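A quick write-up on the structure given underneath.
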Amino acid sequence: MASAAAAVYDEKSICSTAHSRMIETSGVIEKEQGNGFYLVTLEQPAGHQCLCRAAGKLTKFRIKLLAGDKVLVEISPYDLSRGRITYRERNAGATGPRPGGNRPGGPRRR
């Protein structure tokens with residue numbers, strides 16, 4: 001009996017999350033579209049552009065996203081024209097740090 005019960009639980013019956021099916025690739029933000037959306041040019045499907053929104057952790061910790069930033073994007077395999085920005089690489093593509101630290105408007109004044 002134990003062998004019959006074990007046969008029922010194969011790979012397909014084990015719950016796989018939707019997160020495991022996401023396509024993760026890197027890209028560069030081209031421009032901000034407004035309302036929290038960004039136009040991102042992806043590196044892996046060379047030159048493919050998708051409309052992305054910042055993930056919840058980025059908005060929670062108020063991570064600023066600017067044009068020219070290198071980011072990691074998660075794309076659903078069902079709709080390749082939409083994605084979610086999950087990570088912004090620090091000072092990517094720049095010779096030095098951003099002016100005034102890593103904040104877009106300069107250092108915080110007290």
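The values are calculated or read from the model by the stated rules, or taken from the named source; none is laboratory data. Only a predicted model underlies this, so the values are computations on that prediction, with no experimental measurement involved. Counting neighbours? That spans all protein chains shown, and the Cβs are built from the backbone with ideal geometry, glycine included.
The set of residues in region 60-79 that are surrounded by 13 or more Cβ atoms within 10 Å (Cβ to Cβ) and either at pLDDT 95 or above or not small (G, A, S) (or both) comprises I63, K64, L65, D69, K70, V71, L72, V73, E74, I75. Scan region 35-52 and tell me whether some residue there is at pLDDT below 90 and of a type in the set (F, W, Y). Looking for residues that are at pLDDT below 90 and of a type in the set (F, W, Y), one finds none in region 35-52, hence no. List every residue pair whose Cβ atoms lie under 7 Å apart, where the two residues are 6 or more positions apart in sequence or sit on different chains, the first residue falls within region 35-56 and is part of a loop (DSSP other than H, G, I, E, B), and the second residue, located anywhere, is among the basic types (K, R). From region 35-56, the pairs are G36/R53; A55/R84.
Find the residue count for region 57-74, including only residues that are β-branched (V, I, T) and in a loop (DSSP other than H, G, I, E, B). Give the steps one after another, and end with the answer.
Narrowing region 57-74 to residues β-branched (V, I, T): 59, 63, 71, 73.
Now drop any that are not in a loop (DSSP other than H, G, I, E, B), which leaves 63.
Total satisfying the criteria: 1.
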